Amino acid sequence: MLILPKTIIPLVLPFRPVFSKSTWLKAQVLVVGAILSLGERTVTAALRMGGLTPGKQAASAAQQERLASITRKKQIDKLRAEKKQDA
C-alpha cells in the first residue's frame, strides 16, 4: 500500500470516491510519480517514476531514491526557512 505524505492527502482525498480500490492505488502512484518527475509532467514520466513502465524506461531504485531524497531535502529546507521567517 502506498502511503502519501500528510500534506498531499487532503488534496487527493476528494477524488477517492470516483476510483475503485485497485485504480485508487494506481492513481496515487501517478500522483507521486508526477511530483517526482523531472522535466515535463507527462503520464509516461509519472509511470516511469512510479516504476510502472517495463524495460529500459523504468526508473532504477537508485534514481527514485535520489529524487525522493532531493524532494525531502527541499521540503525540509523550505520548512526551516518558513520557521526562520516566523521567528
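A few remarks follow.
- Set Lys6/Lys78; Lys21/Lys74; Lys6/Lys74 screened for pairs whose C-alpha atoms are more than 27 Å apart: Lys21/Lys74
- Sequence ranges 19-27, 5-13, ranked by mean other-Cβ count within 10 angstrom, highest first: 19-27, 5-13
- Neighbour net charge for Gly33 - beta-carbon separation under 11 angstrom, K R +1, D E -1: +3
- When each of the peptides 74-83, 41-50 is scored by the mean number of other C-beta atoms lying within 10 Å of its residues, the order from highest to lowest reads 41-50, 74-83.
- Applying 0.36 nm per residue to the separation of Ala81 and Arg41 and subtracting their alpha-carbon distance, the gain on full extension is 11.7 nm.
Every number in this text was worked out from the coordinates using simple rules, so none of it is lab data. No experiment lies behind these values; they were computed from the predicted model shown. Reconstructed Cβ throughout: ideal geometry from the backbone, glycine too, with neighbour counts over all protein chains shown.
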